[in-house]
Amino acid sequence: MTDFPKADMFRNRLAKVYKHRSKQAKRMQVGCYRVYDHDLPEFPFCIELYEDKLYLAEYLRRHGMTDEAHEEWLDKCLQVIQEVMEIPVAKMFVRQRKRQSHREGQYEKMDMRQEFFTVLENGLKFQVNLTDYLDTGLFLDHRSTRQMVRELSQGKRVLNLFCYTGSFSVYAASGGASEVTSVDLSKTYLNWAEDNFVINRLKDPARYRFIHADVKQYLKTLRPNSFDLVVMDPPTFSNSKRMKDILDIQRDHVELLNDVLAATVAGGLIYFSTNYTRFVIDEAAIHASEIRDITRASTPFDFEGKLKRWCYRISK
């Protein structure tokens with residue numbers, strides 16, 4: 001396919017990054033990873049591989065094409081991707097998204113196809129949906145962070161706030177956590193999290209709890225020393241009608257983290273992440289003994305140089 005502008009440039013770039021990423025993924029036994037992320041401004045795609053399926057998000061932009069011309073251009077791009085990656089177009093799932101979602105729209109329903117697929121990550125199973133939501137159900141950029149949590153979870157009481165589909169919770173449970181509590185405002189995502197536990201044969205209501213709640217309000221109800229290890233990956237901004245208050249992570253992170261620290265044992269750990277690119281942590285106001293920026297240390301191979309989030313390891 002060379003009958004549209006810069007096709008060869010796109011093909012060459014995609015072939016180069018795919019060859020490199022696929023070798024890394026094979027060596028690390030990773031089946032779900034990001035291949036391409038807006039490497040060329042003329043081709044503003046995020047391309048992720050979910051085993052034998054491909055997820056392609058086109059970032060919205062002013063491309064100056066008519067709808068018909070854009071569809072034709074996109075079809076030709078998919079043909080190039082098919083040639084390079086040897087994945088049929090029938091196994092590609094295409095979405096359009098804003099350039100900076102900050103995960104703020106993760107509750108937005110996009111479609112009703114209800115096509116779920118099971119994928120493996122580090123020996124664990126996860127349900128992903130490549131059609132119905134803005135995100136797939138598995139944030140690939142936290143693959144390394146999830147493994148960190150698993151390695152620290154043995155015998156720990158783990159709390160996963162803004163748990164989304166519960167991938168951190170599954171990792172904690174598989175790491176031998178004595179109990180795992182997952183909290184989210186969305187019943188849809190809590191049900192999804194429970195399904196992820198079921199497919200991993202993690203069924204014990206006494207140890208694994210799923211709580212439908214506004215995190216800001218829920219934290220006020222916790223007793224001191226309730227948890228040993230906490231994961232918190234909130235949206236940048238949320239004004240859901242189900243919340244009593246608006247969530248603004250820059251404004252609210254100190255209160256959230258201090259409430260978490262109050263519920264954590266001495267020496268307990270918090271893994272805190274945010275996708276707000278201009279985020280500045282207010283270390284002086286947080287009641288922690290140590291705050292470590294582990295953004296680089298938690299960056300997976302397929303996000304090096306492309307990561308748009310912050311990650312901190314906070315000790316009480």
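Each reported figure results from applying straightforward, stated rules to the coordinates on display, with no laboratory input. The structure displayed is predicted, hence computed values, not measured ones. Note that we place each Cβ from the backbone using ideal geometry, even for glycine, and neighbour counts take in every protein chain shown.
Against the main long axis of the alpha-carbon atoms of the chain, helix 187-199 sits at an angle near 90°.
Over the chain, the Kirkwood radius and the radius of gyration, each from Cα atoms, give a ratio Rg/Rh of 0.98. Averaging 1/r over each pair of different alpha-carbon atoms in the stretch 240-316 and inverting the result gives 13.7 Å, the Kirkwood hydrodynamic radius. On C-alpha positions alone, give me the angle between the axis of helix 67-85 and the longest principal axis of the chain, in degrees, nearest 10. Once rounded, the angle reads 80 degrees. Projected label points at ARG296 and GLN96, each 7 Å from Cα along the beta carbon direction, are separated by 3.9 nanometres.
With 28 Å as the limit on Cα-Cα distance, the pairs of LYS26/LYS156; LYS125/LYS187; LYS76/LYS187 that go past it are LYS26/LYS156; LYS76/LYS187. A Förster distance of 41 Å, applied to the separation of the beta-carbon atoms of ILE199 and HIS63, puts the FRET efficiency at 0.55. Dividing the mean sequence gap of close Cα pairs (under 8 Å, 6+ apart) by how many residues the chain holds gives a relative contact order of 13 percent. The aspartates and glutamates whose alpha-carbon is closer than 17 Å to the alpha-carbon of LYS216, local same-chain residues fewer than 8 away aside, are GLU104, ASP184, ASP233, ASP245, ASP248, ASP252, GLU255, ASP259.
In order along the stretch 52-58, the Karplus-derived 3J(HN,Hα) couplings, from 6.51 cos²θ - 1.76 cosθ + 1.60 at θ = phi - 60°, round to 9, 10, 10, 10, 10, 10, 9 Hz, and Gly and Pro are given as x.
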